[in-house]
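The values are calculated or read from the model by the stated rules, or taken from the named source; none is laboratory data. All values derive from a computational prediction rather than experimental measurement. FYI the Cβ positions are ideal-geometry reconstructions off the backbone, even for glycines, and counts take in every protein chain you see. Surface areas here come from the heavy atoms of the whole protein model, side chains and all, with no ligands, DNA or RNA. Shrake-Rupley method; radii C 1.70, N 1.55, O 1.52, S 1.80 Å.
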Amino acid sequence: MDEQLTLAQALANLSDLAPEIWQASVETGLMLAIGLSVAIVVGGPLGILLYLTQPGQLFANRAVNGVVGWFVNLVRSFPFIILMVSLVPLTRLLVGSTIGPIAAAVPLSFAAIPYFARLVEQTLREIPRGVIEAAEAMGASPAQIIWKVLLGEARAGLISSLTILTISFLSYSAVAGVVGGGGIGDLAIRYGYYRFQTEVMVAMVLLLVVIVQIIQFAGNHLAARLDKR
Amino acid sequence: MIHLKNVHKRFRRPEGGWFDAVRDTTLHIKAGEIFGLIGFSGAGKSTLLRLINLLERPDHGSVNVDGRDLTGLSAAELRRARQNIGMVFQQFNLMANRTVAANIAFPLEIAGWSRADIDQRVAECLDIVGLADRAGHYPSQLSGGQKQRVGIARALAPRPHVILADEPTSALDPKTTQSILDCLQDINARFGVTVVIVTHEMHVIRSICHRAALLDAGEVVELLQVTDKQVAARSALAKSLLEVA
């Protein structure tokens, strides 16, 4: 370990690691892309279901709402690291391995589903009941109400929810990375912590800071453009 | 045109027990009429209006609009029947993320109109309510009176035979109120649309209604006839509402 690490040397070390940093960024991107896609495709409809089965809503159903709500709370109760370990058999079944970003995407997706479902439910609650009722009075079908009214009116809030989810899961993906998923967080731990290359740790944290700022900025910007309220 | 026969609607009170909002009421509204439902808060007038398009389903009794018994229809048939019954709301209930034109287009999209037909009909309706220059605006950029005009244009777009108006002027100032009432009257006169309007103001009844039902505690207590903007009233309740106005 270098007692007096010069800036020049630190930069040189980092530039030597450039291919690995790139590789780690791709892995993080892959984990996020899979996790977020599953969250949207599965968690989105689940959130809509949670909303529509509430008392006073289109498909008010105490039993369905209770069961789905209970399941969502259950999964969300698990600390992520424990969820990951307990899903190892499922991961092995689905991916055939528990190592690598694709394998890490399994518990990430699993955790992202109920998280996004709750965010979607909360966002939809902001739509005035009267607007939905007006659509009912005009003869809109449930599918038309979901697509045209709920998603159309909540679109800015849904983008904000997705922004929150993305940033939360960027840090979850670092945890997943450490137990074999790879990615930026894993690189930071391997070089910065285990090999005492503090400059790698610092650079990776800075990289994450920049990514988070970009995601938040893009999310805010898009949400503001979509919001005509 | 609209025949409500022995309709009854009760709600469960949050604190327990039941509340009869509409009690065994029979009412006939003629085609082409502007018919008022008037009464104090809690008289059951909004519930009665919402029974006409089955936003509230009666516990018993029948609802017949345009020769069809709505209570017997399947969900899909009811949706199609509702496309023939426009509705205007006190709080406008416009979609905030849709432009004025897109709000008016909404019921036509639902009914499966072609894009060209929608565009043409939306332009017509904008003209009728005098908002042709606001087509691309969003509801948040409009005044209350303009929002209600969009609400009326939206209700009118699918060429319904009936328009139900639930306290359409209660959120508006007196001057705007008059212009909205004139707009409804104009639509009734030009297109022969039957209008049912809920209000707690005798002024609204005198101003545009042909007849009105006075409601109290879920029952029709008097049918009011309007002649030359004068309401002939017999019951004490009607007289008290006339005094307020």
### Query
Taking all protein chains as present, what is the carbon and sulfur share of the accessible area of the stretch A:1-115, in % to the nearest whole number, probe 1.4 Å?
69 percent
## Note on the structure
Label model pair A:Phe196, B:Gln185: point-to-point distance (7 angstrom along the Cα→beta-carbon line) in nm is 9.2 nm
### Summary
Nearest 10, in degrees from 0 to 90: the angle of helix A:7-16 to the longest Cα principal axis of chain A is 70 degrees
#### Entry: Radius 13 Å from Cβ of A:Arg190, net charge of other residues (Lys, Arg +1; Asp, Glu -1)
-2
#### Entry: Farthest positive-ward along chain A dipole, Cα basis, beta-carbon charges - from A:Gln122, A:Ala103, A:Leu32
A:Gln122
### the stretch B:222-245 residues near the modelled B:Arg23 label - backbone nitrogen below 18 Å, point 7 Å along Cα→Cβ
B:222-223, B:235-238
### Summary
Checked against a 22 Å limit on the C-alpha separation, the offending pairs among B:Lys9/B:Lys229; B:Lys175/B:Lys229; B:Lys5/B:Lys45; B:Lys30/B:Lys229 are B:Lys9/B:Lys229
### Task
Determine which aspartates and glutamates satisfy two conditions relative to A:Lys228: a Cα distance under 12 Å, and not lying fewer than 8 residues away in the same chain.
A:Glu153
### Query
So for the stretch A:75-229, what are the equivalent ellipsoid semi-axes in whole Å, largest first, each being the square root of 5 times an eigenvalue of the Cα gyration tensor?
38, 21, 10
#### Entry: Whole-number D in µm²/s for the stretch B:166-245 (Stokes-Einstein; Kirkwood sum over Cα pairs; 25 °C, 0.890 mPa s)
185 µm²/s
### Message
If I take every Cα pair under 8 Å that is 6 or more residues apart in the stretch A:7-226, average their sequence separation and divide by the length, what percent do I get for the relative contact order?
### Response
27 percent
### Size of chain B as Cα extents on the principal axes (Å, biggest first)
50, 42, 37
### Message
From the C-alpha coordinates alone, can you work out the Kirkwood hydrodynamic radius of the protein assembly as shown, in Å?
### Response
26.1 Å
### Query
For chains B and A, what's the summed buried accessible area, probe 1.4 Å, to the nearest 100 square angstrom?
1900 Å²
### Summary
Expressed in nanometres to one decimal, the distance between label points 7 Å along Cα→Cβ at B:Arg57 and A:Thr6 is 8.2 nm
### Query
How much of the accessible area of the stretch B:94-159, in percent, comes from carbon and sulfur atoms when a 1.4 Å probe is used?
46 percent
### Query
Roughly how many Å² is the accessible area per residue of the protein assembly as shown, as a whole number, for a 1.4 Å probe?
46 Å²
### Task
Report the FRET efficiency, 1/(1 + (r/R0)^6), for A:Ala143 and A:Ser168, where r is their Cβ-Cβ distance and R0 is 35 Å, rounded to 0.05.
0.70
### Message
Rounded, prolate or oblate for the stretch A:19-137? Axes are the square roots of the Cα gyration tensor eigenvalues, ordered a ≥ b ≥ c, and the cut-off for rounded is a/c under 1.5.
### Response
prolate
### Task
Give me the number: length gained by fully extending A:Glu20 to A:Val41, i.e. 0.36 nm times residue separation minus the C-alpha to C-alpha distance, one decimal in nm.
4.4 nm
